[in-house]
Amino acid sequence: MNKNDEIELEILDNGINFEGISRVDNKVVFVPDAIKGEKVLTKIIKVNKSFCIGKIEKILEESSKRQTPFCSVYKRCGGCSAQHIKYKAQLEIKYENVKNTLAKQDIKYESLDKVIGMGIPYNYRNKAQYPVRIGKDGKNKIGFYAKRSHEVIENEECLIQNQDIDRLSKEVFKLLLLKGFVGYNEQTNQGDIRHILIRRGYHTNETMIVIVVNKKEIFEDVRIEEIVKILKESNDKIKSIILNFNPSKTNEILGEEEKLVYGVEYITDYIGEYKYYISSKSFFQVNTVQAEVLYNKLKELLNLKGDEILFDLYSGVGSIGIFLSSNVKKVYGIEIEEQAVKMANLNLEANNVKNAEYIAGSVDKKIAEFEKRNIHPDVIVIDPPRKGLDLESIEYIIKFRPKKIGYVSCSPATLARDLKLLSTYYDIGKVVPVDLFPNSVHCEVVTNLELKK
């Protein structure tokens with residue numbers, strides 16, 4: 001095969017990014033947007049030694065699992081890239097991807113459940129981060145990044161975002177332009193507004209607006225006061241408006257310095273019976289409904305007796321540890337983000353939880369401090385970032401030898417890698433995928449491990 005060749009392909013499977021997979025003369029061909037079972041006329045756009053990438057020119061035999069994407073900018077936006085597949089079929093692909101990922105590491109487990117899906121897989125996100133940019137045409141734009149680029153794609157409505165968040169983002173954007181502010185230019189590092197970030201409590205409707213600025217002098221700009229006045233008078237659900245200063249040329253959305261220009265520095269929401277304070281930088285699951293499903297499944301898998309000492313690692317605002325606090329003797333949490341730890345301690349007070357303690361720092365360093373204090377866990381709960389656990393943390397976990405481990409993962413690949421290392425000392429129980437990200441390729445997974453006898 002050569003670049004620009006056109007070839008008829010039968011799609012044999014779907015990969016971890018939902019891309020179609022075919023094979024020609026022992027060479028794998030990846031075809032984005034193709035679905036297992038389809039026959040497609042494909043144009044080869046990239047040739048590598050071991051694989052090729054093609055694009056669909058024409059669907060010759062269409063899968064019954066295909067549907068018309070519900071978003072007008074689906075083909076250009078780099079967001080929810082699975083919406084051309086019916087939701088039930090999305091869950092089936094996610095199940096197979098988790099199964100295949102574990103098999104590649106030869107992970108032995110008790111069972112793998114079907115993916116727990118969402119009843120209504122739309123408008124579920126409680127947090128949105130919208131880049132504000134000056135486009136090539138010189139116009140200010142708000143939207144989401146295009147696939148594999150930082151070009152901002154505008155859309156009238158994003159159907160995975162909460163509708164109030166989606167409408168409010170555009171209202172804030174229009175007010176900023178009306179007052180003379182302009183979007184950010186990544187090439188020149190010029191402009192005023194880099195991002196508009198909005199968080200909303202699913203159960204409380206409390207809303208936080210974070211405007212990420214490129215110039216610190218905007219903190220004192222009188223035009224911001226005028227915008228704040230309009231927003232707070234038009235929407236009584238807005239509890240917090242924050243300016244965040246980010247002068248860096250990195251992909252980081254939020255900078256270190258912030259100024260509260262209206263309301264309080266946090267909003268609240270509930271998971272189950274527990275109330276949580278959430279700040280601008282706090283990690284909090286973006287799908288509140290499915291987060292409760294996830295946490296209840298974790299509690300079920302751990303089968304806690306009430307007399308255990310539990311370590312909550314990568315604890316965020318303490319959501320998991322607090323959720324499990326009534327089922328254990330003591331909770332110790334570690335989180336690298338200091339503001340999140342501040343929120344975790346507020347959450348302890350809000351829920352009258354007396355048997356938990358949260359500290360700020362990296363897991364690998366702080367877990368060693370517990371060892372010096374002669375504090376040893378019976379149970380460790382882990383909810384790491386996408387990169388998974390570092391080797392030092394795994395070494396400490398093995399050294400502590402807790403009787404049980406609960407692992408919550410947003411990356412099946414790093415989960416499988418970590419389970420492989422832990423499986424020398426632990427038996428892996430049930431693996432349960434939970435869909436927190438409908439219409440995207442991502443899937444959360446929760447599993448329990450028990451110390452081998």
* Asked: When you go through (1) in contact (Cβ under 8 Å) with a residue 60 or more places away in the chain; (2) under 22 Å from the mean Cα position of the chain (by Cα) one by one for Glu92, which number turns out not to apply?
  -> (1)
* One residue from Val132, Val98 being crowded, with 16+ Cβ neighbours inside 10 Å, assigned to a helix (DSSP H, G or I) and among the hydrophobic types (A, V, I, L, M, F, W, C) -> Val98
* Asn48 under 24 Å from Leu91 (Cβ atoms) and open to solvent by 50 Å² or more (accessible area, probe 1.4 Å) -> no
* To do: Residue by residue through the range 297-318, note down the ones that are part of a helix (DSSP H, G or I) and open to solvent by 10 Å² or more (accessible area, probe 1.4 Å).
  => Lys297, Lys299, Glu300, Leu301
* Asked: Does the range 37-45 contain any residue that is of a type in the set (Asp, Glu), touching a residue at least 12 places away in the same chain (Cβ under 8 Å) and open to solvent by 20 Å² or more (accessible area, probe 1.4 Å)?
  -> no
* For Lys174, state whether it is of a type outside the set (Val, Ile, Thr), in a helix (DSSP H, G or I), surrounded by fewer than 16 Cβ atoms within 10 Å (Cβ to Cβ) and out of contact with any strand residue (DSSP E or B) (no Cβ under 8 Å at 6 or more places or on another chain). => yes
* **Subset of the range 441-453 (residues that are surrounded by fewer than 22 Cβ atoms within 10 Å (Cβ to Cβ) and not β-branched (Val, Ile, Thr))** => His442, Glu450, Leu451, Lys452, Lys453
* Structure fact -> Listed by first then second residue, the pairs whose first member lies in the range 1-23 and is in a loop (DSSP other than H, G, I, E, B), whose partner is of a type in the set (Phe, Trp, Tyr), with beta carbons under 7 Å and at least 6 positions apart or on separate chains, are Gly15/Phe30; Glu19/Phe30
* To do: Can you give me the number of residues within the range 322-361 that are modelled with pLDDT of 95 or more and under 21 Å from the mean Cα position of the chain (by Cα)?
  => 2
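For the range 135-148, enumerate the residues that are over 17 Å from Leu177 (Cα atoms) and open to solvent by 40 Å² or more (accessible area, probe 1.4 Å).
Passing the criteria: Lys136, Tyr145, Lys147, Arg148.
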* Asked: Within the group Leu159, Leu175, Leu168, which residue is at pLDDT 90 or above, within 22 Å of Glu206 (Cα to Cα) and touching a Leu at 6+ places or on another chain (Cβ under 8 Å)?
  -> Leu175
* **Close pairs from the range 118-137: first in contact (Cβ under 8 Å) with a residue 24 or more places away in the chain and hydroxyl-bearing (Ser, Thr, Tyr), partner open to solvent by 20 Å² or more (accessible area, probe 1.4 Å) and not in a loop (DSSP other than H, G, I, E, B), Cβ under 6 Å, at least 6 apart** => none
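The values are calculated or read from the model by the stated rules, or taken from the named source; none is laboratory data. Remember, predicted model here, so these are calculated numbers, not experimental data. For neighbour counting, all protein chains shown are included, and Cβ atoms are generated from backbone atoms with ideal geometry for every residue, glycine included. Just so you know, the surface numbers come from the protein's heavy atoms only, side chains and all, with ligands and any DNA or RNA stripped out. Shrake-Rupley method; radii C 1.70, N 1.55, O 1.52, S 1.80 Å.
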